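In what follows, a structure is listed as structure tokens, so that the remarks can point back to it.
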Amino acid sequence: MPEISTANNYLTLINVFKVDPANQQKLVNLLTLATDGSVKNITGFISASLHKSMDGTKVTMYAQWRSVEDYQNMRNNPTASPYLEQALQIATFEPGMYEVVATFLPSLA
């Protein structure tokens, strides 16, 4: 489960894939296979959440890693690389590395 906090110092990745609506589910399936079958077992992985847009044109992965180095190790891992290569055959990829600067919760009355 994602833990979004300014205190944990995790690397946050928000990666947006743009895809033709006809390929959205194929991309979701591919990213699910990659994360569940390989990525989640790599040292430093904290969590990931996969989202698909209501209009079918985007798939977004919100992921947390212990550090930039751990994330880079995953990117260099031969078991994870083929999935990204396959994804890029049907989608464009806009990666982003972030740090949490604030979180907000509802006020209790």
Notebook entry, point to check: Taking only pairs six or more apart or across chains, which ones have beta-carbon atoms under 6 Å, a first residue in the stretch 14-35 that is polar (S, T, N, Q), and a second residue that is open to solvent by 90 Å² or more (accessible area, probe 1.4 Å) and at pLDDT 95 or above?
Noted result: Q24/K52
Next item on the list: Test L84 against the criterion of being more than 20 Å from I4 (Cβ to Cβ), out of contact with any strand residue (DSSP E or B) (no Cβ under 7 Å at 6 or more places or on another chain) and aliphatic (A, V, I, L, M), and give yes or no.
Entry: yes
Check: Among the residues of the stretch 48-65 satisfying the criterion of being in a strand (DSSP E or B) and β-branched (V, I, T), which is nearest to N23 (Cα to Cα)?
Finding: V59
Next item on the list: Please verify whether the stretch 74-93 includes one or more residues that are part of a strand (DSSP E or B) and either farther than 15 Å from N29 by Cβ or under 14 Å from the mean Cα position of the chain (by Cα) (or both).
Entry: yes
Next item on the list: Kindly list, by first and then second residue, each pair from a residue in the stretch 84-101 that is within 21 Å of Y10 (Cβ to Cβ) to a residue that is open to solvent by less than 40 Å² (accessible area, probe 1.4 Å) and part of a loop (DSSP other than H, G, I, E, B), limited to pairs with Cβ atoms under 9 Å and residues at least 6 apart or on different chains.
Entry: V100/S5; V100/N8
Next item on the list: Have a look at S67, S38, S47, S81 and point out the one that is small (G, A, S) and without any contact (Cβ under 8 Å) to a residue 24 or more places away in the chain.
Entry: S81
Margin query: I'd like the full set of residues that are assigned to a loop (DSSP other than H, G, I, E, B) and either among the small types (G, A, S) or closer than 20 Å to Q24 by Cβ (or both), limited to the stretch 37-47.
Written below: S38, G44
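Yes or no, residue by residue, for (1) farther than 16 Å from M1 by Cα; (2) modelled with pLDDT of 95 or more; (3) surrounded by fewer than 18 Cβ atoms within 10 Å (Cβ to Cβ):
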residue: L27; (1), (2), (3): yes, yes, no
residue: A34; (1), (2), (3): yes, no, no
residue: G37; (1), (2), (3): yes, no, yes
residue: N41; (1), (2), (3): no, no, yes
residue: H51; (1), (2), (3): no, yes, yes
residue: A80; (1), (2), (3): yes, no, no
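The values are calculated or read from the model by the stated rules, or taken from the named source; none is laboratory data. Keep in mind that this is a model prediction, so the values were computed, not measured. Note: ideal-geometry Cβ built from the backbone for every residue, glycine included; neighbour counts use all protein chains shown. Surface areas here come from the heavy atoms of the whole protein model, side chains and all, with no ligands, DNA or RNA. Shrake-Rupley method; radii C 1.70, N 1.55, O 1.52, S 1.80 Å.
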